[in-house]
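Colleague: This is the structure, below, for whatever I ask next.
The values are calculated or read from the model by the stated rules, or taken from the named source; none is laboratory data. The structure presented is a predicted model; accordingly, all values stated were derived computationally and were not measured. Ideal geometry is used to build each Cβ from the backbone, glycine not excepted, and the neighbour counts take in all protein chains shown. Just so you know, the surface numbers come from the protein's heavy atoms only, side chains and all, with ligands and any DNA or RNA stripped out. Shrake-Rupley method; radii C 1.70, N 1.55, O 1.52, S 1.80 Å.
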Amino acid sequence: MTRFLPVWVGTRRQGGTPTAAIGSILAVLLISGCSAGADAAPSGGSFDFVAPGGRTDIVYDPPETRGTIGELAGPDLMEEGKTTALADYDGKVVVINLWGQWCGPCRGEADDLEEAYEATRERGVQFLGINVRDPQKDKAQDFMVDNNVTYPSIYDPSMRTLIALGGNYPTSVIPSTLVLDRQHRVAAVFMRALLTEDLLPVVERVAAE
């Protein structure tokens, strides 16, 4: 049986008002970040999002019970004509961050995510952003430059790529972050803005598995 372990290592809680309720078990989650809506349906993965007790920090253990997400790919935000995909990072731990330049908590966590990336990239860890609800691509690109974000992002204003996360994933919560192990199974989910000290120990532990 899968055990869900809370990670209570950070205090940052920022957010706005959700656009719609997605069920009582997720009601607490929707106040922890900026909100945006998207239709989602399963896309070939076995991951089924569960947040016991409405937790915002969830660790999925033991590893053999983790589910994989579906195929994830889309236009690269910074390189015209390039497609960036999760499959590009075979064998790597991948940290996926859902963000928008319009989202205050996303701006607040950008330097923390970059710091965690720089600290772990030599251990076979790749960060990958998914930029959502930004119809003006240049503004999203400016966000990357202004915040010195060096890892790639998929440009997805319609949020279509998020179907890879499964039908139960609360895509209304922005920012949110998923940590995938080297088999691209979901090892942890954070439904809030993060500090480096929130994320780094989890990524290091997964990378050491």
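Colleague: Looking only at residues that are crowded, with 20+ Cβ neighbours inside 10 Å and of a type in the set (Gly, Ala, Ser) in the stretch 23-34, which one is modelled with the highest pLDDT?
Modeller: Taking the candidates together, the pick is 33.
Colleague: Can you pull out the residues in the stretch 109-129 that are over 15 Å from the mean Cα position of the chain (by Cα) and either crowded, with 22+ Cβ neighbours inside 10 Å or touching a residue at least 40 places away in the same chain (Cβ under 8 Å) (or both)?
Modeller: 115, 119, 120, 123, 124
Colleague: Mind checking which residues of the stretch 93-103 are part of a strand (DSSP E or B) and touching a helix residue (DSSP H, G or I) at 6+ places or on another chain (Cβ under 7 Å)? Give the derivation first.
Modeller: Initial filter on the stretch 93-103 (part of a strand (DSSP E or B)): 93-99.
Within the stretch 93-103, 93, 94, 95, 97, 99 qualify.
Colleague: Do we find a residue being at pLDDT below 95, open to solvent by 10 Å² or more (accessible area, probe 1.4 Å) and small (Gly, Ala, Ser) anywhere in the stretch 51-64?
Modeller: Scanning the stretch 51-64 turns up at least one residue that is at pLDDT below 95, open to solvent by 10 Å² or more (accessible area, probe 1.4 Å) and small (Gly, Ala, Ser).
Colleague: Which of the residues belonging to the stretch 101-148 are among the charged types (D, E, K, R), more than 25 Å from residue 87 (Cβ to Cβ) and touching a Pro at 6+ places or on another chain (Cβ under 7 Å)?
Modeller: In the first step, residues of the stretch 101-148 are kept if they are among the charged types (D, E, K, R); the result is 107, 109, 111-112, 114-115, 118, 121-123, 133-134, 137-139, 142, 146.
When the remaining residues are screened for being more than 25 Å from residue 87 (Cβ to Cβ), the result is 107, 109, 111-112, 115, 138-139, 142, 146.
Within the stretch 101-148, 109 is the sole residue that qualifies.
Colleague: Now, a different point. Regarding the stretch 130-147, can at least one residue be identified that is under 16 Å from residue 179 (Cβ atoms), buried (at least 21 other Cβ atoms within 10 Å of the Cβ) and not small (Gly, Ala, Ser)? Walk me through how you get there before you give the answer.
Modeller: Of all residues in the stretch 130-147, those under 16 Å from residue 179 (Cβ atoms) come to 130.
Then keep just the ones that are buried (at least 21 other Cβ atoms within 10 Å of the Cβ); that gives 130.
After this cut, where a residue has to be not small (Gly, Ala, Ser) as well, the list is 130.
Yes: one or more hits.
Colleague: Of all residues in the stretch 192-209, count the ones that are over 16 Å from residue 114 (Cα atoms), assigned to a helix (DSSP H, G or I) and among the hydrophobic types (A, V, I, L, M, F, W, C).
Modeller: Total meeting the criteria: 2.
Colleague: For a quick check of your reading of the model, give me the residue pairs whose first member lies in the stretch 46-72 and is in a helix (DSSP H, G or I), whose second is modelled with pLDDT under 95, with beta-carbon atoms closer than 7 Å and at least 6 apart or on different chains.
Modeller: 52/4; 54/25; 54/26; 54/27; 54/28; 54/29; 65/2
Colleague: Can you find even one residue in the stretch 82-92 that is within 30 Å of residue 136 (Cβ to Cβ), in a strand (DSSP E or B), aliphatic (A, V, I, L, M) and at pLDDT 95 or above? Break it down into steps so the answer makes sense when it comes.
Modeller: Applying the first criterion (within 30 Å of residue 136 (Cβ to Cβ)) to the stretch 82-92 yields 82-89.
Add one more test, that the residue is in a strand (DSSP E or B), and what stays is 83-85.
Checking the rest, the ones that are also aliphatic (A, V, I, L, M) come to 85.
Filter once more, so that each one left must be at pLDDT 95 or above: 85.
Yes - at least one qualifying residue is present in the stretch 82-92.
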